[in-house]
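The values are calculated or read from the model by the stated rules, or taken from the named source; none is laboratory data. Everything quoted here is computed from the prediction, not taken from an experiment. Virtual Cβ from ideal backbone geometry, glycine too; neighbours counted across all protein chains shown. For the accessible areas, the whole protein counts, side chains as well, though only heavy atoms, and no ligand, DNA or RNA atoms are used. Shrake-Rupley method; radii C 1.70, N 1.55, O 1.52, S 1.80 Å.
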Amino acid sequence: MTHSGSSLPDLPNCTSTAAPMSEIRSPPPDRVLEIVLENVLHFLTCRRDRNAASLVCHSWYRAEALTRSDLFIGNCYAVSPHRATSRFRRVRSLTVKGKPRFADFDLLPLNWGAHFSPWGSALADAYPWLEKLHLKRMSLTDDDLNLIARSFPSFKELVLVCCEGFGIPGIAAVAANCRLLRVLDLVESVVEDADEDEEVMDWISCFPDGETHLESLVFECVECPVNFESLERLVARSPYLKKLRLNHYVSIPQLYRLMHRAPQLTHLGTGSFCASDDVAVGDQELDYSSAFAACKSLVCLSGFRDILPDYLPAIYPACANLTSLNLSYADVNADQLKPVILQCHKLQTLWVLDSICDEGLQAVAATCKDLRELRVFPGNTREEVEGPVSEVGLEVISQGCRKLQSILFFCQRMTNAAVIAMSKNCPDLVVFRLCIIGRYRPDPETHEPMDDGFGAIVMNCKKLTRLAVSGLLTDQAFRYIGMYGKLVRTLSVAFAGDSDQGLKYVLEGCPNLQKLEIRDSPFGDAALHSGLHHFYNMRFLWMSTCKLTRQGCQEIARALPHLALEVIDSQEDKADDHIEILYMYRSLDRPRNDAPKCVTILQ
Amino acid sequence: MEEMVMATLDLITASPHSSSSSSSSPTTDNNNNHPSSSSSSSSSSLCLSSISTRRTDLSTDLRLGLSLSPSHYSTPSREQRSSFDWPPVKSTLRCTLVEKSQISQFVKVYMEGIPIGRKLNLLAHHNYHALVKALANMFRTTILCPDSHQLPLISGNNVHVLTYEDQEGDWMMVGDVPWEMFLTSVKKLKITRADRC
């Protein structure tokens, strides 16, 4: 795109009929504006702003592409690695997300995809200066990790969330070769076990000798023992280490030693939080609370993987400063929780097991006035009539924690009244995820469906962007969502609704919907069809065990050529045309060729 | 070991409905009082879960859920759902919780030649492979399973096989029946020397 010379201000050394000499000395007029633009665009960090800027005109598109250093790929199949690296030439930090969230609950076949390898080779070619890589739900092998370790000399951060396919050798390669590594975070990832007859490699000792640059080391999910002496030495030579999350092979006496080595820690995952088998209880009991007193900067505690509740009081010295506490692996009851929680006045994030009961939630509500995020996980996943937490706990939390923004709550019973109360008491709610474990369960007091409760949430919580529904729900609940859930971006539905109309309400009513995951609900082709106008705006749609047919999906595929419709079916010949799973997403490139046999991609 | 699991799996995938002994079917689609173990969803998703294992090692595709209670088996049908993928709790958390929760099925395990036995929670494992692996670790030995390809190789006294006592008091080889059926019939386990079987 060229600019007319007359519209430019008179710049020194710059005329429209420049002689070759002055051209060498100064850039041509249109290029000057681009350089100015690039300089300005450097300040734009938000990717949505950048996306908008890139649409202004070609020169803004180019300038933006050259200045984007943080690239976010929400779906690894939406765009090919080549297309991404061709457009954005100077990327330092890349985030790629792969499988849909329902893969976490084993609803997706193994080897479905999200292989990192094609991205790995493209990155090695295009971005030798790459510093950060953040992958979520991707499948990556030890070879991929080796490639990462050897291709990027400035590599600083590796964050793997819910990934799988790699093992200790891959981690060791990263530790050994990335000399500038600051962050190595392995979160909820499946790290392949070594075969029984192989020695487990001590990857901790693969970090180079001497002082490290490590700021964050997270390996809670690595299911194999670490060499403690190596770990202690590593911690001792990592003066910048702020985040350390240990796996459950680290015992509490070992934790004690590590904490004294690293009193500057801010985020700590405590490992097992119980004594190892070798040491008899009571044998030279250390004063564990001294370790927590020594780490004066602790704000986030997690771990407690095999906790002996007797040890919990050791964390008292840290409670007053804690903003985040994750006890979701700790089977503690209300009486064990109370003395801890009553000291946590600054707590903003709390993850717990429902073993704390409604009584424990009461204690939380009484003390944690600043609570922003609460997650209550089920200790028992059976469908029972009663459970340890209920509408009582939810209501109490809503009364005590008015600043609540995000809640995930598993329970066996819930009433509309409690949900309505929360919708009124907590107007700042952005994320509301309620999972009533009993499927199709109505309000136990009124025997009504849970429509009104969720309706109140979408009506009253004006900032709501993420919603997960459960319990007995009719189409009316979806009518509410379509009417009031104008900002909703992510919606999770399971065992809900009466008819196609339910899904139609949502697809027609929610303009900001980006991620829709539905399972076991009676929505069929007609319902899907009503979303044609919106599917290009969505990141993905997942529907499993609904009433979709292959024919219906084929029609969608024909109508929208840039949509990939993956039909996942385990049985070859079926009596009817109904499909098991539809996973649908927009894509700029040809359908992928790495899908397993059970996946058919419709065009 | 792998071959044994393969053989068992072939048996399972061939006839998805053969796994569980029938009993009272749970009332479906209505709120309360689902029996604890609502079994797998439609047969198609039985096969689906055969490919939806998280790890590369094999596991049975009939994961009828951790919330098992022996008297509540029923043949899978489309209405009934696996409690393994509902509620939506990640398997890492779920596995940890099984060990801590009251839902457990502890059985005694003896190894031949050792008078003091151990106890093991069968429900902490999802399949034969995991069970054998856990026992091999616990007792520090190699445990084989019956397999026609491997029998000629058995020699020496550090190789064992896994047997169990069933409800009728008979001692049987572990691995012949589907995992869930095994769980309902096992009373105790014994690790015996391979050359004795």
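Output the peptides B:127-135, A:258-266 sorted from most to least packed, where packing is the average of other Cβ atoms within 10 Å over each peptide's residues.
Details: B:127-135: 21.0, A:258-266: 18.4.
Going from most to least packed, we get B:127-135, A:258-266.
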- Task: Let me know the mean shielding of A:100-110 by other chains, meaning the per-residue number of their Cβ atoms within 10 Å of its Cβ.
- Result: 5
- List the residues of region A:560-603 that lose 40 Å² or more of accessible area once all protein chains are present, compared with their chain alone (1.4 Å probe, heavy atoms only, no ligands or nucleic acids). A:570, A:571, A:580
- Query: When the label point is put 7 Å from the Cα of residue A:297 along its Cα-to-beta-carbon vector, which residues of region A:315-347 have a backbone N closer than 18 Å?
  - Reply: A:318-324
- Distance (nanometres) between label positions extended 7 Å along Cα→Cβ at residue A:213 and residue A:424: 5.5
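Which of the three applies to region A:291-402, rounded, prolate or oblate, going by the alpha-carbon gyration tensor with a ≥ b ≥ c and a/c under 1.5 meaning rounded? Don't jump to the answer; show the numbers that get you there.
Working: a/c = 2.11, a/b = 1.37, b/c = 1.54.
Taking the square roots of the gyration eigenvalues as a ≥ b ≥ c, region A:291-402 is oblate.
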- Note, ³J(HN,Hα) from phi for region A:526-531, Karplus 6.51, -1.76, 1.60, rounded to Hz, x at Gly and Pro: 4, 5, 4, 4, 6, x
- Query: Expressed as cubic angstrom per residue, what is the convex hull volume of the alpha carbon set of region A:311-368?
  - Reply: 65
- Query: Can you list residues whose amide H is under 5 Å from residue A:494's amide H, if they're 5+ apart or on another chain and H is modeled 1.01 Å from N?
  - Reply: A:469, A:519
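Ignoring any ligand, DNA or RNA, what whole percent of the accessible area of chain A comes from carbon and sulfur when the probe is 1.4 angstrom?
Working: 12600 of 24870 Å².
In chain A, the share of accessible area belonging to carbon and sulfur is 51 percent.
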- What total accessible surface area, summed over both chains, is buried at the interface between chains A and B, computed with a 1.4 Å probe and given in Å² to the nearest 100? 4400
- Under 1.5 on a/c is rounded, so check that first for chain A, then, if it is not, pick prolate when a/b is larger than b/c and oblate when it is not; a ≥ b ≥ c are the square roots of the alpha carbon gyration tensor eigenvalues. oblate
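Which FRET efficiency, nearest 0.05, do residue A:403 and residue B:168 yield, Cβ-Cβ r, R0 56 Å? Please report the intermediate quantities before stating the final value.
Details: r = 61 Å, r/R0 = 1.10.
The pair residue A:403/residue B:168 has a calculated efficiency of 0.35.
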- Message: Between residue A:577 and residue A:463, what is 0.36 nm times their sequence separation minus the Cα-Cα distance? Round to one decimal in nm.
- Response: 37.0 nm
- The ³J(HN,Hα) series, computed from each phi in region A:293-308 with the Karplus coefficients 6.51, -1.76 and 1.60 at θ = phi - 60°, rounded to the nearest Hz and given as x for glycine or proline, is 6, 5, 8, 6, 9, 4, 10, 9, 10, 8, x, 6, 5, 10, 4, 8
- Note on the structure: Counting only residues 5 or more apart in sequence or on a different chain, those whose built amide H sits under 5 Å from that of residue A:349 are A:324, A:325, A:372, A:373
- Would you mind calculating the gained length between residue A:55 and residue A:237 on full extension (0.36 nm times residue separation, minus the Cα-Cα distance), in nm to one decimal? 60.7 nm
- For region A:137-215, report the translational diffusion coefficient in µm²/s to the nearest whole number, using Stokes-Einstein at 37 °C, 0.692 mPa s, and a Kirkwood Rh over Cα pairs. 256
- Treat each spin label as a single point 7 Å out from the Cα along the C-beta direction, and report the residue A:603 to residue B:90 distance in nm. 3.7
- One finds, for residue A:554 and residue B:187 with R0 = 60 angstrom and r their Cβ-Cβ distance, a FRET efficiency to the nearest 0.05 of 0.65
- Just subtract the alpha-carbon distance of residue A:30 and residue A:333 from 0.36 nm times their residue separation and send over the number in nm, one decimal. 102.2 nm
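Looking at the P(r) of region A:184-328, how many percent of alpha-carbon pairs lie beyond 24 Å? Walk me through the numbers on the way to the answer.
Values: 2907 of 10440 pairs.
Distances greater than 24 Å cover 28 percent of the Cα pairs.
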- Could you grab the relative contact order for region A:85-148? Cα pairs under 8 Å, six or more apart, rounded to a whole percent. 51
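Suppose all protein chains stay in the model; what accessible area per residue would a 1.4 Å probe give for region A:380-505, in Å²?
Details: 4140 Å² over 126 residues.
In whole numbers, region A:380-505 has 33 Å² accessible per residue.
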- What 222 nm value per residue comes from the helices of chain A, counting each DSSP H run with n ≥ 4 as -39,500 (n - 2.57) and dividing by all residues, nearest 500 deg cm²/dmol? -9000 deg cm²/dmol
- Task: Taking 7 Å along the Cα-to-C-beta vector as the label spot, tell me the residue A:199-residue A:260 distance in nanometres, rounded to one decimal.
- Result: 3.0
- Exercise: per-residue mean of other protein chain Cβ atoms within 10 Å, A:430-439: 3
- Beyond 32 Å between alpha-carbons counts as too far, so tell me which of A:338/A:424; A:243/A:597; A:136/B:108 fall in that bin. A:243/A:597; A:136/B:108
